[in-house]
Amino acid sequence: MQLTIQNLTKTYKNGVKAIDDLSIEIGTGMFGLLGPNGAGKSSLMRTIATLQSPDSGTITFGDIDVLKDKMELRKILGYLPQSFGVYPKMSAEALLDYFATLKGVSSKVERKALVKEVLEITNLYDVRRKNVAGYSGGMKQRFGIAQLLLNNPRLIIVDEPTAGLDPAERNRFLNVLREVGTNCTVIFSTHIVEDVKELCNEMAILNGGRILKHTTPLEATKEIEDQIWTKVIQRDELEDIEKNHNMLSANYNTDNSLNIRVYNAENPGDGFEKTIPQLDDVYFIALKKDESVEAVSA
């Protein structure tokens with residue numbers, strides 16, 4: 001099933017235009033929505049999930065008109081918001097059984113089998129009797145995936161799910177999401193480039209409520225082959241480099257020197273070496289181009 005969004009716009013009462021005439025098509029598989037904080041990712045996710053209405057535009061998922069028939073979408077929707085909320089002092093097993101009841105699974109035997117299945121998928125079966133309130137951050141996120149799987153969703157939306165997780169928890173969460181995202185449409189919203197690189201077969205970069213780029217991670221890096229250059233500089237050279245080159249990023253070495261990355265069609269000069277482009281480079285290039293357009297239009 002395909003999610004189709006056309007000319008979607010949302011402006012809040014304070015005048016902030018969170019979604020700006022946005023159009024995109026998203027098919028089956030893992031789709032990464034990449035953008036900085038405040039780019040409009042959560043606003044878009046909430047609108048798709050029918051939690052808020054846009055000012056204009058259309059959203060369809062398969063043959064469902066999402067804005068006109070919200071309940072039909074909700075039947076096949078799994079949504080994990082950025083903040084999942086406060087957990088009662090109940091075991092994961094009991095809480096999932098309760099959620100399954102709310103989702104219309106009336107048979108106790110069926111609920112038991114379903115709860116066992118989602119606990120195993122999310123690697124929480126061994127801690128099923130522990131209170132969810134006492135789970136670690138990563139375990140709570142995996143529990144969030146478990147609860148959204150209870151209705152066998154065809155569309156899954158996860159909003160900034162790895163923010164704040166330690167590396168081990170992040171890897172466990174991504175592995176779970178990778179497993180459940182093979183046969184449905186999963187929109188994975190994040191500001192962490194590495195998450196998209198590891199997980200998604202398709203991606204878009206969002207800023208200012210607009211899609212800056214819609215591509216695949218592989219195609220995106222291929223587009224800038226032979227155009228990314230690196231050089232080691234001293235800290236006092238940084239200002240001059242920033243002024244004279246299209247610098248994308250800089251990272252400190254142990255001796256306080258800097259590894260810089262520059263975007264340029266040709267060798268920028270002495271000391272620069274061609275390097276393999278990364279998805280981070282694509283992201284920074286898109287944002288810098290958008291800043292330039294905004295500056296001109298302003």
One point scatterer per Cα, no solvent, Debye formula: log10 I(q)/I(0) for the stretch 177-238 at q = 0.16, 0.22, 0.25 Å⁻¹ comes out as -0.71, -1.01, -1.13
Answer in debye to the nearest 20: the dipole magnitude of the chain about its Cα centre, from +1 Lys/Arg and -1 Asp/Glu charges placed on Cβ, is 1860 debye
Output for the stretch 204-274: GluC sites (Glu not before Pro) sitting in coil per DSSP, at most 12 other Cβ within 10 Å, listed by number, reads Glu225, Glu266
Here the averaged projected area of the chain, based on the convex hull of its alpha-carbon atoms and given in nm², is 18.4 nm²
What the 5 Å binned alpha carbon P(r) of the stretch 133-206 shows, as percent of pairs per bin from 0, is 3, 15, 30, 27, 17, 7, 1, 0
Expressed in angstrom and rounded, the centroid-to-centroid distance over alpha carbons for the stretch 96-119 and the stretch 1-71 is 30 Å
Per the helix-only model, the chain has a calculated mean residue ellipticity at 222 nm (DSSP H runs of ≥4, -39500 (n - 2.57) each, divided over all residues, rounded to the nearest 500) of -10500 deg cm²/dmol
Nearest 10, in degrees from 0 to 90: the angle of helix 92-102 to the longest Cα principal axis of the chain is 70 degrees
note: the stretch 208-264, Cα-Cα separations exceeding 17 Å make up a percent value of 51 percent
Among Thr101, Ile285, Leu148, the residue whose Cα sits farthest towards the positive end of the charge dipole of the chain (+1 at Cβ of Lys and Arg, -1 at Cβ of Asp and Glu, taken about the Cα centre) is Thr101
DSSP beta bridges in the chain: the antiparallel percent, rounded to 5, is 65 percent
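Per residue, what volume in Å³ does the Cα convex hull of the stretch 71-217 take up?
123 Å³
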Using alpha-carbon coordinates alone, the radius of gyration and Dmax of the stretch 40-80 in Å work out to 9.7, 26
If one builds a Gaussian network model of the chain from Cα atoms under 10 Å apart, the most fluctuating residue listed among Asp97, Asp281, Asp126 is Asp126
A student asked for the Cα radius of gyration and Dmax of the stretch 156-298 in angstrom ought to give 17.3, 52
One quarter of the C-alpha convex hull surface, i.e. the mean projected area of the stretch 1-126 in nm², amounts to 9.9 nm²
Largest fluctuation, Asp63, Asp270, Asp21 only, Gaussian network model of the chain with Cα springs under 10 angstrom, belongs to Asp270
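Starting from the eigenvalues of the Cα gyration tensor, five times each then square-rooted, give me the equivalent ellipsoid semi-axes of the stretch 81-154, largest first, whole Å.
18, 13, 12
Report, for the stretch 141-254, the % of DSSP beta bridges that are antiparallel, rounded to 5.
DSSP beta bridges in the stretch 141-254 are roughly 50 percent antiparallel.
Whenever you get a sec, line up Lys289, Lys70, Lys130 from highest to lowest accessible area (probe 1.4 Å, protein heavy atoms). Kindly include the intermediate steps, with their values, before the conclusion.
Values: Lys289 115, Lys70 60, Lys130 95 Å².
My answer, sorted largest first, is Lys289, Lys130, Lys70.
The values are calculated or read from the model by the stated rules, or taken from the named source; none is laboratory data. Since this is a predicted model, take the numbers as computed values, not measurements. Neighbour counts are summed over all protein chains in view; Cβ atoms, including those assigned to glycine, are modelled from backbone coordinates with ideal geometry. Ligands, DNA and RNA are excluded from the accessible area calculation, which covers all protein heavy atoms including side chains. Shrake-Rupley method; radii C 1.70, N 1.55, O 1.52, S 1.80 Å.
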